[in-house]
1. Collect the residues in the stretch 88-116 that are of a type in the set (S, T, N, Q) and assigned to a strand (DSSP E or B), keeping them in residue-number order.
2. So which residues in the stretch 89-100 are more than 10 Å from Ile50 (Cα to Cα) and within 16 Å of the ligand (Cβ to nearest atom)?
3. Evaluate the following for Gly76: is it at pLDDT below 95, more than 16 Å from the ligand (Cβ to nearest atom) and exposed (fewer than 14 other Cβ atoms within 10 Å of the Cβ)?
4. Across the stretch 27-68, what is the total count of residues that are touching a helix residue (DSSP H, G or I) at 6+ places or on another chain (Cβ under 9 Å) and away from the ligand (no atom under 16 Å from the Cβ)?
Amino acid sequence: MIFFTILSALLFAALSNASPTSSQNFIVYSPHITSPKASTTWALGSTHNITWETSDIPHEKRGSNGLILLGYVGNGASEHLDIDHPLASSFPIEKGYVLVRMPKNTPCRNDYFIVLFGDSGNKSPKFRVTKH
Ligand SMILES: *[C@@H]1O[C@H](CO)[C@@H](O)[C@H](O)[C@H]1NC(C)=O
C-alpha cells in the first residue's frame, strides 16, 4: 500500500514534533483491522466499534495515537479517502478499539472501507452503509 504509506508519512510529518532523525521514524506499524469485516453493514447515525490487533505493536509505538479515515472504492483508479472528516483521531493505538458514529449525511454505498493509521495505514475489507 504505497499510497497509504506516503499519505501517512505526510500526516506523520504534519502531526509530529519528533525530530526527523529520531529512531521512531524508522519503525513502521500497520495495525491489522478485525472489525469492520466484509459482511458488515453500518446504518447512518449508528455507532460502531472499530477493532484491531494490538499484540504486534512495536514497543516504540505503544504510546502513539491513531487516525481513522473513511474511503470508498468507486469506479476510478484512485481511492476516495475523506481526509477532511476523520471518523476518529487522537485515540491511543494501544487500546485496540475505538467507537465511531457514522455521520447521517454520509451517502449510502456498498464499497466503503476504513483506513486505520498507526503510522502506515491499513485498510479494512469493503463494507456497506445503508439508511437503516
Ligand atoms: C469494543 O471492542 C473492544 C474489543 O473487542 C471491547 O473490549 C469493548 O468493550 C467494545 N466496546 C463496546 C462499547 O462495545
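The values are calculated or read from the model by the stated rules, or taken from the named source; none is laboratory data. Since the model is a prediction, treat every value here as computed from it, not as a measurement. Counting neighbours? That spans all protein chains shown, and the Cβs are built from the backbone with ideal geometry, glycine included.
1. Answer for the stretch 88-116, where residues must be of a type in the set (S, T, N, Q) and assigned to a strand (DSSP E or B): Ser89, Ser90, Asn110.
2. Within the stretch 89-100, Phe91, Pro92, Ile93, Glu94, Lys95 meet the criteria.
3. Yes; evaluated as a whole, the condition is true for this residue.
4. 11
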